[in-house]
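Nothing in this text is a laboratory measurement; each read-out follows from the coordinates by a stated rule. Small disclaimer: the values here were computed from a predicted structure and weren't measured. Cβ coordinates were reconstructed from backbone atoms using ideal geometry, including for glycine residues, and neighbour counts include every protein chain displayed.
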Amino acid sequence: MRIYLLGFMGAGKSFWGKQLSQHFQAPFFDLDTYIIEQDGRSVNDIFTEEGEAYFRLLEKKALETLTETYPQLVVATGGGTPCFHGNMNYMTANGKTIWLNPPVDVLMQRLEKEKDHRPLLKSLNNDELRKFIEEKLGERIKFYEKSLLQLNNDEDLSVEVFIKMIKHA
């Protein structure tokens, strides 16, 4: 089984990806980390030096390479991955897509703690952060909504319950 976790930064994709990977005994990949390892530059450097269009092509190639290489895997995609180059349709055709969709307030709490490690958020105050999250979600929701499964709040969810949801999806 291939599982693709989608959602905004701070949605819990890496956390849940590692949990699911252990349960299903499938390799886990954070797509951005994989791209960094392959390219030798940070995502921020790739964006700055080559532009978003170049990064999105790297992202598509990385997604396809991982999918074609591993019959079982768990992938934490980048927040924008489903929105470009038919990636959403590709993931849907090749595995189970799961949208992790915590409330904006939960994203705010998580991202406020991580702002120093996220170049796009570093300079934003709380009002600007909320506006950024709401605008980006508004742009991406039409892609995220195509997911096979949608998880709206993971705060009280056990791994066992999440796995049952996936198996029955």
Check your understanding: Rounded to the nearest 500 deg cm²/dmol, what is the calculated helix-only ellipticity per residue at 222 nm for the chain, with -39500 (n - 2.57) per DSSP H run of length n ≥ 4?
Key -> -17500 deg cm²/dmol
Study note, to complete from the structure: Surpassing 25 Å at the alpha-carbon level, of the pairs Lys115/Lys146; Lys13/Lys146; Lys61/Lys131; Lys115/Lys136, are Lys115/Lys146; Lys61/Lys131
Point to revise | Between region 117-165 and region 34-54, the alpha-carbon center distance in angstrom | key: 22 Å
Study note, to complete from the structure: Ranking Phe28, Thr81, Ile98 by how far each Cα lies towards the positive end of the charge dipole of region 2-168 (+1 on Lys and Arg Cβ, -1 on Asp and Glu Cβ), the top one is Ile98
Review point. Once phi is turned into ³J(HN,Hα) by the Karplus curve 6.51 cos²θ - 1.76 cosθ + 1.60 with θ = phi - 60°, what whole-Hz value does each residue of region 17-27 show in order, with x for glycine and proline?
Key: x, 5, 5, 5, 4, 5, 5, 8, 6, 10, x
**Study point:** Amide proton proximity set for Leu6, modelled H, under 5 Å, gap of 5+
**Key:** Ile98, Trp99, Leu100
Practice item. Place a +1 charge on the Cβ of each Lys and Arg in region 2-168 and a -1 charge on the Cβ of each Asp and Glu, then give the dipole magnitude about the Cα centre in debye, rounded to the nearest 20. Key: 480 debye
